[in-house]
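Presented below is the structure to which this report refers.
Derivation of every value follows stated rules applied to the coordinates shown; laboratory data play no part. Bear in mind that the values here come from a model prediction, so they are computed numbers and not experimental data. Virtual Cβ from ideal backbone geometry, glycine too; neighbours counted across all protein chains shown.
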Amino acid sequence: MKITKYYKITGFVYGNYWGGGKGAYKSESYEGEDLDKLMKTIKEDLESGTLDSGMGYESLIGAILDIETIEKIKYKDKYYYNSDYSIDYVGDLTEEEEDFLRDILLYQ
């Protein structure tokens, strides 16, 4: 039996609004089989400002990521799936900003 892993990553970005103020908005979604490669892409998108999914910030500060790890196994010609979830942060967020984003993610 072979177990394969697949990742789905969603979340929220935190950034500086044009004209002042800060706030959060949904991030782009990412999927793939290589978590390290996905995280590298997410960090690059944070730096370039393309991690937000359309809000249009003056600049991004960081993001909270909801990472779903899906394991798939085939047994007797049937597939079985298991999902685990974890939270990670990217960027330069303060503890208060991380708490703010965690509340948004948990109570959305």
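Some observations on this one:
- Meets criteria (touching a strand residue (DSSP E or B) at 6+ places or on another chain (Cβ under 7 Å) and surrounded by 11 or more Cβ atoms within 10 Å (Cβ to Cβ)) for Tyr30: yes
- Filter result for Tyr25 (free of Cβ contacts under 8 Å to residues at least 40 places away in the same chain, surrounded by 14 or more Cβ atoms within 10 Å (Cβ to Cβ), of a type outside the set (A, V, I, L, M, F, W, C) and assigned to a strand (DSSP E or B)): yes
- Candidate set from the range 1-22 (those that are among the aliphatic types (A, V, I, L, M) and closer than 25 Å to Tyr81 by Cβ); member that is surrounded by the fewest Cβ atoms within 10 Å (Cβ to Cβ): Met1
- Only one entry in Tyr80, Tyr89, Tyr75, Tyr85 is without any contact (Cβ under 8 Å) to a residue 40 or more places away in the chain and either acidic (Asp, Glu) or more than 20 Å from Glu28 (Cβ to Cβ) (or both), namely Tyr80.
- Candidate set from the range 35-48 (those that are surrounded by fewer than 18 Cβ atoms within 10 Å (Cβ to Cβ) and touching a residue at least 24 places away in the same chain (Cβ under 8 Å)); member that is farthest from Leu101 (Cα to Cα): Leu35
- Residue ID - farthest from the chain's Cα centre (by Cα), chosen from residues in the range 67-80 that are surrounded by fewer than 18 Cβ atoms within 10 Å (Cβ to Cβ), of a type outside the set (Phe, Trp, Tyr) and in a strand (DSSP E or B): Lys78
- Taking the criterion of being outside any strand (DSSP E or B), under 9 Å from the mean Cα position of the chain (by Cα) and either more than 15 Å from Phe12 (Cα to Cα) or of a type in the set (Gly, Ala, Ser) (or both), the only residue of the range 28-66 that qualifies is Ser29.
- For the range 81-108, taking the residues that are under 14 Å from the mean Cα position of the chain (by Cα) and aliphatic (A, V, I, L, M), the one that is surrounded by the most Cβ atoms within 10 Å (Cβ to Cβ) is identified as Leu101.
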